[in-house]
Amino acid sequence: MIGSKTAGILSIIAVSLLFIWWISMGFFLPTSTDNFSFSKLILSPNWVIINLIGLFGAMVWPFAYIGLYHCILPISNIVSRLGFYFGMIGINLFFAIQFCQTFVWPIIAKTNPTLVELGGELVVGNLLVVVPIITSGVLLGLGYFLTYLEMSRRMFFNAGVRITLFLGVLLFANGILIPIRTLGLFMLTFASLSIGIMLLKNKEL
């Protein structure tokens, strides 16, 4: 059984790791070189280390989501059921994508770098790659929208936190431009930390 304190800790750990990962990508990877090459970026010594942080965050995320539902959103109707399943599938697809970026892309960058350049077949140039990315974003957005509806119906957390959580996930998971994804992650981080702290204040909700 996941108590509210455990759920709060998982929520804080997951979003903190994702936030550190995303910010570290901008600070510790050579993104501003004159002759920019995405494959060279992947071959940076920091690539695997930084992406491992994101991978661990993605690994904790589903447990945080399970904890949220276990503590305050029992799966008792079609909205909560679909919200949980859509969210979980989206999160696990996100984890699978993160796993490939962490371990598979560096191997491909050494053997066939054109596949992992921007627009390459293993980035966005193949439907087998694009479909899971889009599906993950859509399911995450839909899952968290239904979660938002269920939290609103049960009046859990304040309205600002609820809408910020939903919009944060929507922008981060579906944003095409880096500034939009960054804004989404900031919103997701704020909302998840707020929820985590509130859960920590109660043994059971």
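The values are calculated or read from the model by the stated rules, or taken from the named source; none is laboratory data. It should be emphasised that the depicted structure is a prediction, and the values quoted were computed from it without experimental measurement. All Cβ positions, even for glycine, are placed from backbone atoms using ideal geometry, and neighbour counts span all protein chains on display. When the accessible area is computed, the model is the full protein with side chains, heavy atoms only, and any ligands, DNA or RNA have been set aside. Shrake-Rupley method; radii C 1.70, N 1.55, O 1.52, S 1.80 Å.
Over the chain, give the accessible area per residue in Å² for a 1.4 Å probe, as an integer. Could you put the intermediate results ahead of the total?
Values: 10300 Å² over 205 residues.
Roughly 50 Å² per residue, with all protein chains present.
Separation of region 132-205 and region 1-68, taken as the distance between their Cα centroids, equals 17 angstrom.
In the chain, the C-alpha radius of gyration followed by the widest Cα-Cα span (Dmax) gives 17.6, 55 angstrom.
Return the FRET efficiency for the residue pair Val130, Ile107: r is the Cβ-Cβ distance, R0 is 25 Å, and the value is rounded to the nearest 0.05.
Details: r = 21 Å, r/R0 = 0.83.
Approximately 0.75, to the nearest 0.05.
Membrane-span-like helices in the chain: DSSP H runs reaching 30 Å or more (Cα, own axis), mean Kyte hydropathy at least 0.5? Long hydrophobic helices here: 4-28, 47-72, 78-99, 127-154, 178-200. Within straight-line reach of Lys201, meaning a Cα separation under 25 Å, sit the following lysines at least 8 residues removed in sequence or on another chain: Lys5. Here the accessible area of region 1-131 is 73 percent carbon and sulfur, with a 1.4 angstrom probe and all protein chains present.
Could you tell me whether region 130-178 comes out rounded, prolate or oblate from its Cα gyration tensor? Rule is a ≥ b ≥ c as square roots of the eigenvalues, rounded for a/c under 1.5, then prolate if a/b exceeds b/c, otherwise oblate.
On the way: a/c = 5.44, a/b = 1.96, b/c = 2.77.
Here region 130-178 falls in the oblate category.
Per-residue ellipticity at 222 nm computed for the chain from its helices equals -25500 deg cm²/dmol, with DSSP H segments shorter than 4 residues left out and the rest contributing -39,500 (n - 2.57).
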